[in-house]
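Undergrad: Shown below is the structure under consideration.
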Amino acid sequence: MFRFFFQRTSYILFSLFCITFLCSTILTFEAPSYLHNFLSKNSSPREIEKTKKLLGTPEKTLASSLELTLSTLFLRPGYSHFQRSSILGSIKHAFTVTASLMIPSLFLGILAALFFAFVSFLDFPVLSPLISFFLLSLGSLSDVVLILILKLLLCTKQGFHLFPLHGWDASGPLSYFKYASVPILIMTLSLLCLYGPLFYQLLVSEKKAPYTRTLKAMGCPSQRIFFIYQLKTASAPILTHIARLTPSYIIGGSILVENHFNIPGLGFLTYESCVTGDKQTILMLISLTAFCYLLLQEVIQVTLPLLDKRTDL
Amino acid sequence: MRRCKLSWVRFFVVFFLLLEILSLFYNGESLSDLSYAKPSWTHFLGTNLNGQDIFARLLLAIKNSFWNNFLTSLLCVALGIFLNLVLFLFNFPHLKKTLLFLAHLLDTLPIYLIISCCYSFIRAFPEGFQFFLVILVCPIPFQSILRKQETLEKHQLMLSAKQIGCTKLYIFFRYLFPQFKNLLVAEINFLLVKFIKLEIGLSFIGLKQSYKPTLGLLFAESSTDMLKGEYTTLFATSVVLFLILFFFNTSSKKLFSENMC
């Protein structure tokens, strides 16, 4: 057991180092200098040198990319001149905002997806085919369409005009409800689009499995087959898919939604740092996301055998 | 459609031809003096803020988005096949491990983050974006082809072909390749949907610049039109996008399930 944990930890650390080093090398060699943003017109060479020193503009060498990697991995990213605050501080602040949006939407989205997949799985005469068609249609909707249509319906004067067009204020529960409702609704629906068809397919594949036929032939009641056998077996791939898709969904979804609604979360920070060329912040966000992804994968790998004995350590 | 699994390929060809023919009639972005003109016989869906015909722009956008993303997904699958061929021919266990590790690394990060990491490169070379996507997404077809290849390698047919002294290159193209061509069509379908969605998302927030009208650009335009009470571009683009994605999602699901069977 100790050997297994040692192996997996070293694998996570090695993968994390590789990802961070790869990205820092790309950023060091390929990113242009944004020095001109901090200089006035007709600056003297002395001023340029001074600003360079202040910004700590690294040279385009492997050593500087290694230095950038290590400072990111040891959580010492320093100060961002673009954000005008410490990088860790701005990431912490952005993370709380994104978490306040993401946690409810993840919870609601996964629950809704499971509910719809479950109803369409149960073979109701009209409802189940309708829901399976609805799930397939949802999978064909882009996040952008959801954002625009829900914004049109709920935030504009042409629609119901219930919520503000953009902005963020989470000082109290009422203001949080006012500003976060539409983004949460969009993210929940987009999660339903992502997970709904997937969960449905996974449950349907269990219905066609040979063991289901055997259990039915043995006269086992359908509720027992579903709750004791099928749900347990299907939960392993469902968990794997959640662990695999959630980190990329959080970043991808938050970039779209937060930019459109001007919410100062992780997505907005990513966009800002990407447009301004803030290498350290981008690298910090990349390594944090990669770490979350790798950790989730490992947690799932450890917990899977508890759910399904076939996937043993 | 049910008789021949590759009839989807025929649909691709017909769809491309139809788009080409339609875009011949609605060539360019015909301008009108009126901005936000109502739908008429000259402008089927009316005009936008700059007096450009929305229908003509929509056709151009579908054509551009479709071609770009189709070629990218084709290249992605081709790269996946090439990597598998190299692994099959030379059978280096270390190379396989390294490729799988690299595929895992690329799989770990959200595409949005990697694109933001290379944003200045993409901004300097907008055409390089597609090339970049090929490298980023090639692990998906590579891994699925590898899985299929590994199961097929243990098949009696492969063992017999090896026994009678067929070369590895011959075995790959004569016996293995026909076995996973359905999987490849399904992968192209799947990647096409993924790329179209990605392109729309990136154009919408302004991370991908495009000089030609694309679906993403139309959505970005429609968000400003929407605030002025004009919804034609939004609804037309949403309906077209939904129909395209629905068709490709359904077909890829069907092809994947046939392949699994």
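The values are calculated or read from the model by the stated rules, or taken from the named source; none is laboratory data. Nothing here was measured: the structure is a model prediction, and the numbers come from that model. Here the Cβ positions follow ideal geometry from the backbone for every residue, glycine too, while neighbour counts run over all protein chains shown. We work out accessible area using only protein heavy atoms, side chains counted, and drop any ligands, DNA or RNA first. Shrake-Rupley method; radii C 1.70, N 1.55, O 1.52, S 1.80 Å.
Undergrad: Compare A:I250, A:I103 by solvent-accessible area with a 1.4 Å probe and give them largest first, with all protein chains kept in place.
TA: Descending order: A:I103, A:I250.
Undergrad: Give me the percent relative contact order of chain A, please, defined on Cα pairs under 8 angstrom at least 6 residues apart.
TA: On the way: 315 pairs, mean separation 72.2, N = 313.
That works out to 23 percent.
Undergrad: Once the protein assembly as shown is represented by equal point scatterers at the alpha-carbon sites, with solvent omitted, what log10 I(q)/I(0) does the Debye formula produce at q = 0.05 Å⁻¹?
TA: At q = 0.05 Å⁻¹ the computed log10 ratios are -0.24.
Undergrad: What nm value, rounded to one decimal, do you get for the distance between A:R3 and B:S35 when each label is placed 7 Å out toward the C-beta?
TA: 7.3
Undergrad: If you average the sequence gap of Cα pairs under 8 Å that are 6 or more apart and divide by the length of chain B, what percent do you get for the contact order? If you can, show how the numbers build up before the last one.
TA: Numbers: 252 pairs, mean separation 56.1, N = 261.
It comes to 22 percent, rounded to a whole number.
Undergrad: Here is a follow-up. Quote to one decimal, in nm, the extra length available between B:E150 and B:V13 on full extension: 0.36 nm per residue of separation minus the C-alpha distance between them.
TA: On the way: separation 137, 0.36 × 137 = 49.32 nm, distance 3.16 nm.
Extending this stretch completely gives an extra 46.2 nm.
Undergrad: Turning to a different aspect of this structure: All other residues with a Cβ under 11 Å from the Cβ of B:N64 taken together, and with Lys, Arg as +1 and Asp, Glu as -1, what is their net charge? Could the numbers behind the result be given before it?
TA: On the way: positive: B:R57, B:K63, B:K212; negative: B:E199.
Value of the local net charge: +2.
Undergrad: Which value, in Å to one decimal place, does the Kirkwood hydrodynamic radius take for chain A when every pair of different Cα atoms is included? Spell out each step's value before the answer.
TA: On the way: mean 1/r = 0.0441 Å⁻¹.
About 22.7 Å, per the Kirkwood formula over Cα pairs.
Undergrad: Something else about it: Residue farthest toward the positive end of the dipole of segment B:182-261, with Cβ of Lys/Arg at +1 and Asp/Glu at -1: which of B:F204, B:F190, B:G216?
TA: Most positive-ward Cα: B:F190.
Undergrad: Tell me, what is the 1.4 Å probe accessible area of A:K208, in Å² to the nearest 10?
TA: 150
Undergrad: Moving on. If A:T303, A:T270 are ordered by their accessible area, calculated over protein heavy atoms with a 1.4 Å probe, which sequence runs from highest to lowest? Before the final figure, lay out each step's value.
TA: Working: A:T303 50, A:T270 5 Å².
Ranked list, largest accessible area first: A:T303, A:T270.
Undergrad: In a solvent-free Debye calculation with one equal scatterer on each Cα, what is log10 I(q)/I(0) for segment A:91-277 at q = 0.11, 0.16, 0.17, 0.18 Å⁻¹, listed in the order of the q values?
TA: -0.58, -0.99, -1.07, -1.15
Undergrad: How far apart, in nm, are the 7 Å Cα→Cβ label points at A:D123 and A:A99?
TA: 4.5
Undergrad: Next question. With N set to the residue count of segment A:190-311, report its C-alpha Rg divided by 2.2 N^0.38 Å to two decimal places.
TA: 1.45
Undergrad: Choose one of B:F66, B:L95, B:F246: the residue whose Cα lies farthest towards the positive end of the charge dipole of chain B (beta-carbon charges +1 Lys, Arg; -1 Asp, Glu; about the Cα centre).
TA: B:L95
Undergrad: Give the residue list of trypsin sites (Lys or Arg not before Pro) in segment B:184-235 that are DSSP loop and have at most 14 other beta-carbon atoms within 10 angstrom. Present the calculation step by step, with values, prior to reporting the outcome.
TA: On the way: sites: B:K194, B:K197, B:K208, B:K228; in loops: B:K208, B:K228.
Answer in residue order: B:K228.
Undergrad: Right, something else. In Å, the Kirkwood hydrodynamic radius of segment B:75-179 over pairs of distinct alpha carbons?
TA: On the way: mean 1/r = 0.0651 Å⁻¹.
For segment B:75-179, the Kirkwood estimate is 15.4 Å.
Undergrad: Let me ask something additional. Using unit Cβ charges (K, R positive; D, E negative) and no other charged atoms, how large, in debye to the nearest 20, is the dipole of chain B about its Cα centre?
TA: Values: 24 positive and 14 negative charges, 245 e Å.
Taking the Cα centre of chain B as origin, the dipole is about 1180 debye.
Undergrad: Would you mind checking which residues have amide H under 5 Å from A:S85's amide H? H placed 1.01 Å from N; only 5 or more apart, or other chain.
TA: A:S80
Undergrad: Another question, if that's okay. Are there any helices in chain A, counted as whole DSSP H runs, that stretch 20 Å or more along their axis by Cα and score at least 0.0 on average by Kyte-Doolittle, and if so which? Please report the intermediate quantities before stating the final value.
TA: Numbers: long enough: A:2-30 (41 Å, 1.16); A:87-121 (47 Å, 1.79); A:173-207 (46 Å, 0.98); A:231-261 (40 Å, 0.60); A:279-307 (41 Å, 1.43).
Helices meeting the criterion: A:2-30, A:87-121, A:173-207, A:231-261, A:279-307.
Undergrad: If you don't mind, another one. Helix-only mean residue ellipticity at 222 nm, chain B, DSSP H runs n ≥ 4 weighted -39,500 (n - 2.57), per residue, nearest 500. What is it? Can you show the working numbers first?
TA: Working: 12 runs with 189 residues, N = 261.
When only DSSP H runs of four or more count, the value is -24000 deg cm²/dmol.
Undergrad: Between A:I228 and B:N50, how high is the FRET efficiency from 1/(1 + (r/R0)^6) when r is the Cβ-Cβ distance and R₀ = 56 Å? Nearest 0.05.
TA: 0.35
Undergrad: Now for a separate question. Take the Cβ-Cβ distance between A:S171 and A:S85 as r, set R0 to 22 Å, and report the resulting FRET efficiency rounded to the nearest 0.05. All intermediate terms of the calculation are to be shown ahead of the outcome.
TA: Numbers: r = 20 Å, r/R0 = 0.91.
Efficiency at R0 = 22 Å is approximately 0.65.
Undergrad: Another question, then. Among A:V144, A:V204, A:V126, determine the one that fluctuates most according to a GNM of chain A built with springs between C-alpha atoms less than 10 Å apart.
TA: Judging by the Gaussian network model, the answer is A:V126.
Undergrad: OK, next. Please list the helices of chain B that count as membrane-span-like by this rule: a mean Kyte-Doolittle hydropathy of at least 1.6 together with Cα atoms stretching 27 Å or more along the helix axis, each helix being a complete DSSP H run.
TA: Numbers: long enough: B:7-25 (28 Å, 2.08); B:54-90 (53 Å, 1.69); B:181-205 (36 Å, 1.30); B:232-260 (41 Å, 0.97).
Span-like helices here: B:7-25, B:54-90.
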